[in-house]
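So the structure is just underneath, and the comments pick up after that.
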Amino acid sequence: MYHHFAKSFANYVISKNQFWIKNPIKSQEKTLRWLLQSAQKTLFGQQHSFQEINGYKEFNQAIPVRDYEKFKIYINRVVSGEADIIWPGKPIYLCKTSGTTSGIKYIPIFQNAIKTHINSARNSILQYIINTGDTNFIQGKQIFIQGSPVLNSKNGVKFGRLSGIVAHHVPFYLKSSRMPSWDVNCIEDWEQKIDTIVEETYNQDMTLISGIPPWVQMYFEKIKQKSGKKIGDVFKNFSLFIYGGVSFKPYKKIFDELIGRKVNTIELYPASEGFFAFQDQLDSDSMLLLLNNCIYYEFIKINDFLKGKNNYLSLSDVKLGENYALIISTSSGLWRYNTGDTIQFTEICPFRIIVTGRIKHFISAFGEHVIGKEVETTIREISLKSKLKVREFTVAPQVNPKVGLPFHEWFIEFDEIYDNLEAIEVQMDSIMQKQNIYYKDLIQGKILSPLKITKIKKGGFNHYMKSIGKLGGQNKVPHLSNDRGIADKLLKHIMNQ
């Protein structure tokens, strides 16, 4: 009976999604009209004459694209307790997140938007049930390794990290099987929290495990250390891993080793600003762009964006394989907001995407413009070709080496110690050159030397993250930077070469 209900519910919900999947452009046009109409009487709507906007062209002309810094003049008024500034009423939450240039950021989340977060996470699981017919995982225990759900209050509005906010909206049918317990989830110290989660879950029938890959990896390693067994043997019915936040590719080899058998995975693309996509096919890394979340999407080619051009595109004009900056307008009052993320379209009908990185996370010290997708693919490919198992890594330019030409320095923490990495460096550099023609030209033109690996001590990245107060939760190590800020702080964790 339970299996039948789950499958029937999955069929009902997923079938309802077919309208916007099959009519994406009409759905986006309808979303834009609804957003503009809903916010006409807000301060922002009045200042930008929403009542006079009749389509995308006028929308594009009436409202400039802003990042958080430029939009903060409105958000600050929302945070101070004012109503009807960017969306009718007041938000029910302020999502606290760390910005690279803005320090602490507060992203408003209004009532409608929190529903889309919950429904999208649910729908990803329902789609999985449709794809596989498997409902057994629902009868076991599910763990969501996340930040603390303890919320504070600012001018009458609760605020906290996104994962902590979402923890307050767990569906009733999952509450009895959800782990860790509330008290354990509230532990602030990340290392203590993971240790306590291990003790609480070690003897449970864990069937679904979810979280950001590096922190789930820490959990798995402590389980293995305690039991001396593979995760798949400790949790015999563990069959589904759900992740988001960072690419899984660099971590997959270690996960395969830790688990010891095949486990299906689902990638999610949630952010403080909205829930954008989820993986709807088991045999593809692409994610379905969600057009039913009251979000209007725009895109601009990265090269145009970096050159200051205003060639913004609606969904109807995008092309496959192009690297775009993601711009959104939402039912939380973010209008033509630059998310800072970059994506590529892998399919057009339906629209499916992959996340390629962050606008500010790149290396272009010499015009090479290396992006996150390229370095993560390199780690993934070299892991498949060799015995290397990479725990964590980051890449930075070395512009002023003591001898020789500049190069890209790869700081890598391996699962095991490898003495001779020269052959690996050659292979990795070849993979990078195949992906990035600008990088290849700089290497062949003797402007750059091939990449070099600097080995980090085991646990070095965790020590670094702890030292800057970002160990655990939704925090993750940037996999590349255009400066030496992270690299210089990692110097104390370097192994003897």
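Data for the structure
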| quantity | calculated |
| --- | --- |
| Complete set of residues in region 360-391 that are outside any helix (DSSP H, G or I), over 23 Å from P406 (Cβ atoms) and aliphatic (A, V, I, L, M) | L388, V390 |
| Any hit, region 426-435, residues being modelled with pLDDT under 95 and among the hydroxyl-bearing types (S, T, Y) | no |
| Sole exception among (1) closer than 19 Å to F255 by Cα; (2) touching a strand residue (DSSP E or B) at 6+ places or on another chain (Cβ under 6 Å) for T454, by number | (1) |
| Qualifying residue in region 286-305 (condition: at pLDDT below 95, under 22 Å from V216 (Cβ atoms) and either open to solvent by 50 Å² or more (accessible area, probe 1.4 Å) or within 19 Å of the chain's Cα centre (by Cα) (or both)) | no |
| Conditions (1) closer than 20 Å to S80 by Cα; (2) open to solvent by less than 30 Å² (accessible area, probe 1.4 Å); number of the one not met by T116 | (1) |
| Selection within region 69-100 - open to solvent by 20 Å² or more (accessible area, probe 1.4 Å), within 27 Å of V477 (Cβ to Cβ) and in contact (Cβ under 8 Å) with a residue 60 or more places away in the chain | Y93, K96, T97, S98, T100 |
| Members of region 4-56 that are within 26 Å of N131 (Cα to Cα), of a type outside the set (G, A, S) and free of Cβ contacts under 8 Å to residues at least 60 places away in the same chain | H4, F5, Y12, K16, Q18, F19, N23 |
| Region 428-460 - residue that is polar (S, T, N, Q) and in a loop (DSSP other than H, G, I, E, B) and, of those, surrounded by the fewest Cβ atoms within 10 Å (Cβ to Cβ) | S449 |
| Candidates K253, K236, filtered to the one that is free of Cβ contacts under 8 Å to residues at least 40 places away in the same chain and either touching a Phe, Trp or Tyr at 6+ places or on another chain (Cβ under 7 Å) or open to solvent by 10 Å² or more (accessible area, probe 1.4 Å) (or both) | K236 |
| Region 23-68, residues that are in a helix (DSSP H, G or I), within 19 Å of E298 (Cα to Cα) and among the charged types (D, E, K, R) | K26, E29, K30, R33, K57, E58 |
| Region 274-292 residues that are within 16 Å of F241 (Cα to Cα), paired with ones that are assigned to a loop (DSSP other than H, G, I, E, B) and among the β-branched types (V, I, T) (beta carbon under 8 Å, 6 or more apart) | none |
| Pairs where the first residue, in region 195-206, is polar (S, T, N, Q) and the second is assigned to a loop (DSSP other than H, G, I, E, B), C-beta under 7 Å, 6+ apart | T196/I187; T201/P180 |
| Some residue of region 345-360 being at pLDDT 95 or above, open to solvent by less than 30 Å² (accessible area, probe 1.4 Å) and either in contact with a Gly (Cβ under 9 Å, 6 or more places away or on another chain) or of a type in the set (D, E) (or both) | yes |
| Condition met for I231 (open to solvent by less than 30 Å² (accessible area, probe 1.4 Å), farther than 23 Å from S284 by Cβ and either under 25 Å from the mean Cα position of the chain (by Cα) or free of Cβ contacts under 8 Å to residues at least 12 places away in the same chain (or both)) | yes |
| Of all residues in region 314-339 being part of a loop (DSSP other than H, G, I, E, B) and farther than 28 Å from T42 by Cβ, the one that is modelled with the lowest pLDDT | G321 |
| Options G372, G308, G333; residue that is of a type in the set (G, A, S), open to solvent by less than 10 Å² (accessible area, probe 1.4 Å) and more than 21 Å from Q435 (Cβ to Cβ) | G333 |
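Yes or no, residue by residue, for (1) over 17 Å from L315 (Cα atoms); (2) in contact with a strand residue (DSSP E or B) (Cβ under 6 Å, 6 or more places away or on another chain); (3) exposed (fewer than 14 other Cβ atoms within 10 Å of the Cβ):
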{"site": "A6", "(1), (2), (3)": "yes, no, no"}
{"site": "A10", "(1), (2), (3)": "yes, no, no"}
{"site": "N17", "(1), (2), (3)": "yes, no, no"}
{"site": "K26", "(1), (2), (3)": "no, no, yes"}
{"site": "T31", "(1), (2), (3)": "no, yes, no"}
{"site": "G45", "(1), (2), (3)": "yes, no, no"}
{"site": "Q51", "(1), (2), (3)": "yes, no, yes"}
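Residue by residue, here is whether (1) surrounded by fewer than 19 Cβ atoms within 10 Å (Cβ to Cβ); (2) modelled with pLDDT of 90 or more; (3) assigned to a helix (DSSP H, G or I); (4) in contact with a helix residue (DSSP H, G or I) (Cβ under 9 Å, 6 or more places away or on another chain) holds:
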{"residue": "Q146", "(1), (2), (3), (4)": "no, no, no, yes"}
{"residue": "F159", "(1), (2), (3), (4)": "no, yes, no, yes"}
{"residue": "L174", "(1), (2), (3), (4)": "yes, no, yes, yes"}
{"residue": "V184", "(1), (2), (3), (4)": "yes, yes, yes, yes"}
{"residue": "K193", "(1), (2), (3), (4)": "no, yes, yes, yes"}
{"residue": "I197", "(1), (2), (3), (4)": "no, yes, yes, yes"}
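The values are calculated or read from the model by the stated rules, or taken from the named source; none is laboratory data. Please read these numbers as outputs of a predicted model, since none were measured by experiment. Positions of Cβ are generated from backbone atoms using ideal geometry, with glycine treated the same way; all protein chains shown enter the neighbour counts. Calculation scope for accessible area: heavy atoms of the full protein, side chains included, ligands and nucleic acids excluded. Shrake-Rupley method; radii C 1.70, N 1.55, O 1.52, S 1.80 Å.
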